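Below is one structure, written out as structure tokens, with a few remarks after it.
The values are calculated or read from the model by the stated rules, or taken from the named source; none is laboratory data. Quick caveat: nothing in here was measured; it's all calculated off a predicted structure. Reconstructed Cβ throughout: ideal geometry from the backbone, glycine too, with neighbour counts over all protein chains shown.
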Amino acid sequence: DRQNHGAIDEKTGKILEDLDEIISHILDFNAENMKKIQPEKDVEDVMRKKAKIIEEMLSDHNVDKFPQEIPWDVYMKVLEKVMRQRKVCFRDVIKSGRCYKFALFFLINRMYSCEEFPEDSAVTFLTKIFKGKGSKEKLGNNRFIHNKEPLTKLFEKCVVELVARALNEATPQAQAGSR
């Protein structure tokens, strides 16, 4: 590669003009930068604990520790979030009464525990939105939003909340940034 006309050696401050010296210097510089730095002892301890927790969570005898149903507080947290966002797709849920929300809770729990889902939950509705350039007929000039029916979306949000809770409980405080 003849694009390198010069380089400065940071150690000596000397300008390198010979192509072989430049390439050698670049290789040395990158080798130094790419050295794997050994983690400190406390970081190694956290990494070991994290690996142990993950191993315990994935072991077969631990399956019964995961909730067999979606707890009421998880469902209510998801409902509060949905009501704050005021998304149109959840309009019926937002405007419904307590009895309807309670019935949805039982239905979502049945879906979770029995792993039986309504046929509608497999259906995805595509909404085409024009990007505003070119011809509307070309699919590349449009983007598509994938929508599910509200019950399925609510169920997905509850499961995501359960997983987030399990991750937060299993993640040590030292790793809080990775949550």
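Quick test for you: out of M76, M57, M111, M83, pick the one residue that is surrounded by 11 or more Cβ atoms within 10 Å (Cβ to Cβ) and either modelled with pLDDT under 75 or farther than 15 Å from L154 by Cα (or both). Walk me through how you get there before you give the answer.
Details: M76 fails: either modelled with pLDDT under 75 or farther than 15 Å from L154 by Cα (or both); M111 fails: either modelled with pLDDT under 75 or farther than 15 Å from L154 by Cα (or both); M83 fails: either modelled with pLDDT under 75 or farther than 15 Å from L154 by Cα (or both).
Exactly one of M76, M57, M111, M83 is surrounded by 11 or more Cβ atoms within 10 Å (Cβ to Cβ) and either modelled with pLDDT under 75 or farther than 15 Å from L154 by Cα (or both), namely M57.
With respect to K101, determine if the residue is modelled with pLDDT of 80 or more and in contact with a helix residue (DSSP H, G or I) (Cβ under 7 Å, 6 or more places away or on another chain). Full working, then the answer.
Working: modelled with pLDDT of 80 or more: yes; in contact with a helix residue (DSSP H, G or I) (Cβ under 7 Å, 6 or more places away or on another chain): yes.
Yes; evaluated as a whole, the condition is true for this residue.
Those residues that are under 22 Å from P71 (Cβ atoms) and without any contact (Cβ under 8 Å) to a residue 40 or more places away in the chain, I need them from the stretch 85-96; list them, please. If you could, list the steps in order and put the result at the bottom.
Narrowing the stretch 85-96 to residues under 22 Å from P71 (Cβ atoms): 85, 90, 93-94, 96.
Residues satisfying the conditions are Q85, I94, S96.
May I ask you to verify whether G6 is more than 32 Å from the chain's Cα centre (by Cα) and at pLDDT 85 or above?
Working: more than 32 Å from the chain's Cα centre (by Cα): yes; at pLDDT 85 or above: no.
No, not satisfied.
Tell me yes or no: at least one residue of the stretch 10-18 is touching a strand residue (DSSP E or B) at 6+ places or on another chain (Cβ under 9 Å), at pLDDT below 75 and not in a strand (DSSP E or B).
Keep residues of the stretch 10-18 that are touching a strand residue (DSSP E or B) at 6+ places or on another chain (Cβ under 9 Å), which gives 14-17.
From what is left, the residues that are at pLDDT below 75 are none.
No.
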